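What follows is a single structure, written as structure tokens, with notes after it.
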């Protein structure tokens, strides 16, 4: 879908009627994939996911805003390269999980995931960490306004 956007508009705000650009969205999605990887590392150590405390302290909107601002100075090409590398690492990590681990609880004592499976926590209804479809309608509308 990103390829259908005029490259000169990749850093243009207006996605979803807001201020985010396609570059901001790519950074946002990468942030959540980084969170998935960090969560897996923490759960492997028997610890709660680090993102749980951040979300409790900031809330989701403030967390997302902070992360987009943190990545704002990253050049577009570097953002795409970094996001692709993070996505590849996440898919490799998910592929290495057994079905038993995917179906088990993330970690005992992590109140943010009580009653959830690791796969359900990371993947939700659509499978392995499929947060991106939430943003497709906005990205499609942006692409229609800024065609390649």
Inset, instruction - Express in whole angstrom the spacing between the alpha-carbon centres of the stretch 42-74 and the stretch 13-28. - result: 18 Å
Legend entry - the chain - Debye-derived log10 I(q)/I(0), Cα point model, q = 0.08, 0.16, 0.21 Å⁻¹: -0.25, -0.92, -1.34
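Compute the Cα gyration tensor for the stretch 31-83, then decide on rounded, prolate or oblate, letting a ≥ b ≥ c be the square roots of its eigenvalues: rounded whenever a/c is under 1.5, prolate when a/b is larger than b/c in the other cases, and oblate in all that remain.
oblate
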Inset, instruction - Treating the angle as unsigned and between 0 and 90°, give the value, to the nearest 10°, between the Cα long axis of helix 22-44 and the longest Cα principal axis of the chain. - result: 10 degrees
Legend entry - Degrees, to the nearest 10: 136-145 long Cα axis against longest axis of the chain: 10 degrees
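Calculated from DSSP H runs of 4 or more alone, at -39500 (n - 2.57) each and per residue, what is the 222 nm mean residue ellipticity of the chain, nearest 500?
Mean residue ellipticity at 222 nm (helix-derived): -18000 deg cm²/dmol.
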Legend entry - C-alpha long axis of helix 60-71 to longest principal axis of the chain, angle in °: 60 degrees
Inset, instruction - Pairs of Cα atoms under 8 Å, at least six residues apart: use those to get the relative contact order of the chain, whole percent. - result: 35 percent
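Laboratory data are not the source of any read-out in this text; all were calculated from the coordinates shown. Fair warning: this is a prediction, and the values are worked out from it, not measured in the lab.
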